[in-house]
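Trainee: The following block contains the structure, expressed as structure tokens.
The values are calculated or read from the model by the stated rules, or taken from the named source; none is laboratory data. As the structure is a prediction and not an experimental result, all values here were calculated from the model. FYI the Cβ positions are ideal-geometry reconstructions off the backbone, even for glycines, and counts take in every protein chain you see.
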Amino acid sequence: MSENKPRSPIESGVPDGFQYMHPSMLRNFGMWKYHEHPKPGVLLHVSKSGDKLWTVKIGTQRILDVYTIRVLCDIADNFADGYIRFTLRSNIEYCVADEAKVEPLIKAVEDAGFIVGGTANSISMISHTQGWLHCDIPGTDASGVVKSMMDELIDEFKTCTMPNRVHLTTSCCQINCGGQGDIAINVQHTKPPKINHDLVANVCERPTVVARCPVAAIRPAMVNGKPSLEVDEKKCICCGACYPPCPPMQINDPIHSQLAIWVGGNHSNARSKPTFHKLVAAGVPNNPPRWPEATAIVKQILKVYKEDAKDWERINDWIERIGWPRFFELTELPFTKYHIDNWTGSRKNLNASTYIRF
Amino acid sequence: MQKHETPMLDELENGPWPSFISGFKRLRDDHPDKRINLVANDLLGQLEHSYETRKGYWKGGTVSVFGYGGGIIPRFSEVGHAFPESKEFHTLRVQPPPGNYYTSDILRQMADDWEKDGSGLITFHGQTGNIMFIGATSDNTQVFFDKINGYGWDLGGAGPCVRTGMSCVGAARCEQSCCNEHKVHRLLLNNFQDDVHRPALPYKFKFKISGCPNDCMNAIERADFAVIGTWKDDMKVDQEEVKAFISLKGRQYITDNVITRCPTNALSLSDDDTLNVDNRNCVRCMHCLNVMTKALSPGDDKGVIILIGGKRTLKIGDLMGTVVVPFMKLDTEEDYEEIVELAENIIDFFAENALEHERTGEMIERIGLVNFLEGIEVEVDPNMVSDPRSINYIRMDEWDQEAKKWFDNQAESA
């Protein structure tokens, strides 16, 4: 075959996962009866067949080098029957069908520097995005923020002493790829884009950019004799939506791209319908390499939640019970005019009742 | 090799959580292949530069593999003159198996190939659900894809296309699973591989599958097409286990943490410590099942709910997926054909009617749910709303026909 002849792809799509499942999972597929939580980081599933399967959950750095992958594979081969599963939040789950294998597996994992935990009412690994490492539009890093925060929250990953599970997310721009979370730490831009008018005509499809703006603040304009775009800075909400389709409209700024913190996002239907997270803090400096200001606020919210929430209350459930005034009082965060929603449909977020707590 | 100074990144090697920076340094310092050492060194250098200046330095471009239009995230460095070895650093998005199951053998095979052609860094997984092979040159992108495609792995979606799907741990290891997530996931996604690989839709379209209403995949908030398992008949109550739970935790605990937490007051505890369930008013929220895993279980008449149109902010604000199919059985092959057909109808309608860069949820917001339902030929159902309309600004010219249709449909399904 000629070296230059291109190879046509095999459009196989999603691979069959059954070939990668632990034999106990194949045997007991759809037959699990109940689960228990013997200790933090360990789950026990019991099948109607009587089979038992122990899961050991561990936290990783998510971006894995081939050395780390091989260490994880060695652990799988020597202690966990050769199988590895990843969770949505980039935790790893090793499964074993023999209780005697659990403690040696935990020891091997911890000896290799990984962290056992993340089950039940713990703080799980922060689900996050790419950031400066690989994204084309990031206002901050992701892996570094997560590493810094998990260093501080690790005891709550390893134990299960929160009222309910806590899902944290981070996102490096306002598109919020990190998604909803009990607490979300997201970039928030505070100044309109800086436009390089020399490049706009060549790089950007101008009608697309105009259409992308959520508040119709962008219009075509001739600048220095060249077709470009201009931004009505009074209307601009600094969201950065124009930046991906038009990189000459630089939104990121070392000082003015800051962090905002949001709470109460919950995707489960348990107890109440799913909720989106809400703004609680902004103006938080984007401060590498350790982002101490953001971590301090997150820890303050978690401390109050842990002290005040009842068993099984997620952060949204807790705030629903105690009310937002108490939330701001307990967390000692300022409540400002910026917390009051003014987007389409925002009146549903206002208190149209006499319900006031004193 | 002149190693870049990385004083800020070095700070991220401190502390107990596993450090991604230490992993990069292992590739720089210990890997036998000089190419990998150089790439890791310049990657560290550019990342340190980002930390110092608080800015990103990657830009997109056009890179693909032969025969496909998407699946590669091109990354060219804007500071490639200073960090030339990592100046082309593209990502291959690869579709994982449903539930993210792997063996050590397959992970080793991927790692062995990736260190020959790429950077040696892999993310498990990106936020859409892909395995992210981060860091290939334009030439090696095709080389690596050819290898892994040869043993069963295919590129995922990128751009305005059907995106890589996600599904939960599922029936393989969860007693709350109410469907075969694995089968639903593969059937739906593999039906649309042309739409995954050749971006031609108005914008992205995501499938996510959760086996129960705990929705571990965050499908309602993130998926255009959310499939969520549930059940129709009575939940199962093992009264002996209820009593065992009460004797272990106490009556106060079950009152405070189970009975009073039910969103529809469908639970009550009798004087003899048996649990009564008003199954007609249970909304299958999962809370009591989550607390009392041994005593309570889903019923036998299982199926799925389908919600359409979830997404995050851009451009009109956050939208939850909303119910379009309140219950669908997934037992027979005909049932599975029906869900695929529904997805085809929805994607066809989306392709024809959405504006550029508009997600399904935004399209529905713009045209109204009823126009969408008529377009995909699904009848209205009161399960689709929280409340009927409260505004009286509406023309109801065809009220009588619509009312008759409702009664006829009710009679037909009775």
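Trainee: Scan region B:48-66 for residues that are more than 7 Å from every other protein chain (Cβ to nearest Cβ), assigned to a loop (DSSP other than H, G, I, E, B) and not hydrophobic (A, V, I, L, M, F, W, C) and jot them down. Before you say what the answer is, go through the steps one by one.
Mentor: Quick first cut of region B:48-66, residues more than 7 Å from every other protein chain (Cβ to nearest Cβ) only: B:48-49, B:52, B:57, B:61-64.
Those left that are additionally assigned to a loop (DSSP other than H, G, I, E, B): B:57, B:61-64.
Listed by number, the residues that qualify are B:TYR57, B:GLY61, B:THR62, B:SER64.
Trainee: Among the residues of region B:187-202, which ones are touching a residue at least 40 places away in the same chain (Cβ under 8 Å), in a helix (DSSP H, G or I) and in contact with a strand residue (DSSP E or B) (Cβ under 9 Å, 6 or more places away or on another chain)? Steps first, answer last, please.
Mentor: Within region B:187-202, the subset touching a residue at least 40 places away in the same chain (Cβ under 8 Å) is B:187-189, B:191-192, B:195-202.
Going one step further and asking which of them are in a helix (DSSP H, G or I), we end up with B:187-189, B:191, B:195-197.
Result: B:LEU188, B:LEU189, B:ASP195, B:VAL196, B:HIS197.
Trainee: Among the numbered criteria (1) buried (at least 21 other Cβ atoms within 10 Å of the Cβ); (2) out of contact with any helix residue (DSSP H, G or I) (no Cβ under 8 Å at 6 or more places or on another chain), which one does A:CYS95 miss?
Mentor: Looking at each condition in turn, A:CYS95 falls short on (2).
Trainee: So, in region B:6-23, how many residues would count as being more than 7 Å from chain A (Cβ to nearest Cβ) and of a type in the set (D, E, K, R)?
Mentor: Count: 2.
Trainee: What is the one condition in (1) farther than 19 Å from A:ASN252 by Cα; (2) modelled with pLDDT of 95 or more; (3) surrounded by 24 or more Cβ atoms within 10 Å (Cβ to Cβ) that A:THR140 does not satisfy?
Mentor: It fails just one condition, (1).
Trainee: Now for a separate question. Conditions: (1) within 7 Å of another protein chain (Cβ to nearest Cβ); (2) among the hydroxyl-bearing types (Ser, Thr, Tyr); (3) over 23 Å from A:ILE84 (Cβ atoms). B:SER86 meets all but one. Number of the miss?
Mentor: For B:SER86, the exception is condition (1).
Trainee: Only one residue in B:GLY45, B:GLY80, B:GLY69 is assigned to a loop (DSSP other than H, G, I, E, B), touching a residue at least 40 places away in the same chain (Cβ under 8 Å) and more than 11 Å from every other protein chain (Cβ to nearest Cβ), so which one is that?
Mentor: It is B:GLY69.
Trainee: Restricting the search to region B:140-179, which residues are under 27 Å from A:LYS48 (Cβ atoms) and either in contact with a Phe, Trp or Tyr (Cβ under 8 Å, 6 or more places away or on another chain) or not in a loop (DSSP other than H, G, I, E, B) (or both)?
Mentor: B:SER167, B:GLY170, B:ALA171, B:ALA172, B:ARG173, B:CYS174, B:GLU175, B:SER177, B:CYS178
Trainee: If I filter region A:1-34 down to residues being of a type in the set (S, T, N, Q) and closer than 21 Å to B:SER104 by Cα, which single residue comes out as surrounded by the most Cβ atoms within 10 Å (Cβ to Cβ)?
Mentor: Residue satisfying both the conditions and the ranking: A:SER24.
Trainee: So B:THR91 fits all but one of (1) part of a loop (DSSP other than H, G, I, E, B); (2) within 11 Å of chain A (Cβ to nearest Cβ); (3) closer than 30 Å to B:GLY152 by Cα; what number is the exception?
Mentor: (1)
Trainee: Given region B:312-414, what helices (runs of 4 or more DSSP H) lie entirely inside it while holding 2 or more residues that are among the aromatic types (Phe, Trp, Tyr)?
Mentor: Of the helices (runs of 4 or more DSSP H) lying wholly inside region B:312-414, those with at least 2 residues that are among the aromatic types (Phe, Trp, Tyr) span B:333-353, B:399-413.
Trainee: Looking only at region A:89-136, count how many residues are of a type in the set (Gly, Ala, Ser), part of a loop (DSSP other than H, G, I, E, B) and closer than 30 Å to B:ASN290 by Cα.
Mentor: Qualifying residue count for the region: 7.
Trainee: Ok, one more. Looking at this structure, is B:MET132 farther than 30 Å from B:MET328 by Cα, of a type in the set (A, V, I, L, M) and either in contact with a Leu (Cβ under 9 Å, 6 or more places away or on another chain) or facing another protein chain (nearest Cβ under 8 Å) (or both)?
Mentor: The answer is yes for B:MET132.
Trainee: Please enumerate the residues belonging to region B:103-121 that are part of a loop (DSSP other than H, G, I, E, B) and within 8 Å of chain A (Cβ to nearest Cβ).
Mentor: Scanning region B:103-121 gives a single hit, B:GLY120.
Trainee: Still on this model: Pick from region A:64-74 the residues that are within 18 Å of A:ASP111 (Cα to Cα), of a type in the set (A, V, I, L, M) and not in a strand (DSSP E or B): which of them is farthest from the other protein chains (Cβ to nearest Cβ)?
Mentor: A:VAL71
Trainee: Also, I was wondering about something else. Given the options B:GLY99, B:GLY67, name the one that is within 25 Å of the chain's Cα centre (by Cα) and either surrounded by fewer than 22 Cβ atoms within 10 Å (Cβ to Cβ) or farther than 27 Å from A:HIS189 by Cα (or both).
Mentor: B:GLY99
Trainee: May I ask you to list the residues in region B:196-215 that are under 17 Å from the mean Cα position of the chain (by Cα) and not aromatic (Phe, Trp, Tyr)? Give the derivation first.
Mentor: Step one: list which residues in region B:196-215 are under 17 Å from the mean Cα position of the chain (by Cα), which gives B:196, B:203-215.
Result: B:VAL196, B:LYS204, B:LYS206, B:LYS208, B:ILE209, B:SER210, B:GLY211, B:CYS212, B:PRO213, B:ASN214, B:ASP215.
Trainee: Just checking, does region A:261-273 include any residue being in contact with a Phe, Trp or Tyr (Cβ under 7 Å, 6 or more places away or on another chain), under 19 Å from A:ILE175 (Cβ atoms) and assigned to a strand (DSSP E or B)?
Mentor: Within region A:261-273, not a single residue is in contact with a Phe, Trp or Tyr (Cβ under 7 Å, 6 or more places away or on another chain), under 19 Å from A:ILE175 (Cβ atoms) and assigned to a strand (DSSP E or B).
Trainee: Sort through A:ASP81, A:ASP77 and tell me the only one that's more than 7 Å from chain B (Cβ to nearest Cβ), over 26 Å from A:ILE126 (Cβ atoms) and either more than 25 Å from the chain's Cα centre (by Cα) or in a loop (DSSP other than H, G, I, E, B) (or both).
Mentor: None of the others qualify; the one that does is A:ASP81.
Trainee: To continue, here is another question. Between a residue in region A:99-110 that is without any contact (Cβ under 8 Å) to a residue 60 or more places away in the chain and any residue that is surrounded by fewer than 19 Cβ atoms within 10 Å (Cβ to Cβ), which pairs come within a Cβ distance under 7 Å, given they are 6 or more apart or on different chains?
Mentor: As it stands, the answer is A:ALA108/A:ASN78, since those pairs meet every condition given.
Trainee: Does any residue of region B:223-245 turn out to be out of contact with any Pro (no Cβ under 6 Å at 6 or more places or on another chain), in the same structural domain as B:ASP335 (by TED's automatic domain parsing), assigned to a helix (DSSP H, G or I) and within 28 Å of B:SER167 (Cα to Cα)?
Mentor: Within region B:223-245, not a single residue is out of contact with any Pro (no Cβ under 6 Å at 6 or more places or on another chain), in the same structural domain as B:ASP335 (by TED's automatic domain parsing), assigned to a helix (DSSP H, G or I) and within 28 Å of B:SER167 (Cα to Cα).
Trainee: Okay, next question. So which of A:GLY139, A:GLY144, A:GLY178 is assigned to a helix (DSSP H, G or I), within 12 Å of another protein chain (Cβ to nearest Cβ) and touching a residue at least 40 places away in the same chain (Cβ under 8 Å)?
Mentor: Exactly one of A:GLY139, A:GLY144, A:GLY178 is assigned to a helix (DSSP H, G or I), within 12 Å of another protein chain (Cβ to nearest Cβ) and touching a residue at least 40 places away in the same chain (Cβ under 8 Å), namely A:GLY144.
Trainee: From the set of residues in region B:277-314 that are in contact with a Cys (Cβ under 7 Å, 6 or more places away or on another chain) and among the aliphatic types (A, V, I, L, M), which is surrounded by the fewest Cβ atoms within 10 Å (Cβ to Cβ)?
Mentor: The qualifying residue surrounded by the fewest Cβ atoms within 10 Å (Cβ to Cβ) is B:MET286.
Trainee: Any chance region A:280-291 includes a residue that's more than 19 Å from A:THR140 (Cα to Cα), in contact with a Phe, Trp or Tyr (Cβ under 8 Å, 6 or more places away or on another chain) and crowded, with 18+ Cβ neighbours inside 10 Å?
Mentor: Step one: of region A:280-291, the residues more than 19 Å from A:THR140 (Cα to Cα) are A:280.
Adding the requirement that they be in contact with a Phe, Trp or Tyr (Cβ under 8 Å, 6 or more places away or on another chain) leaves A:280.
So of that shortlist, the ones also crowded, with 18+ Cβ neighbours inside 10 Å come out as A:280.
So far as region A:280-291 goes, yes, one or more of its residues are more than 19 Å from A:THR140 (Cα to Cα), in contact with a Phe, Trp or Tyr (Cβ under 8 Å, 6 or more places away or on another chain) and crowded, with 18+ Cβ neighbours inside 10 Å.
Trainee: Every residue in region A:308-348 that is aromatic (Phe, Trp, Tyr), outside any helix (DSSP H, G or I) and buried (at least 16 other Cβ atoms within 10 Å of the Cβ), please.
Mentor: Of everything in region A:308-348, just one residue is aromatic (Phe, Trp, Tyr), outside any helix (DSSP H, G or I) and buried (at least 16 other Cβ atoms within 10 Å of the Cβ), namely A:TRP312.
Trainee: Next up: Have a look at B:ARG26, B:ARG35 and point out the one that is part of a helix (DSSP H, G or I), within 7 Å of chain A (Cβ to nearest Cβ), touching a helix residue (DSSP H, G or I) at 6+ places or on another chain (Cβ under 9 Å) and surrounded by fewer than 22 Cβ atoms within 10 Å (Cβ to Cβ).
Mentor: Going through B:ARG26, B:ARG35 in turn, the sole match is B:ARG26.
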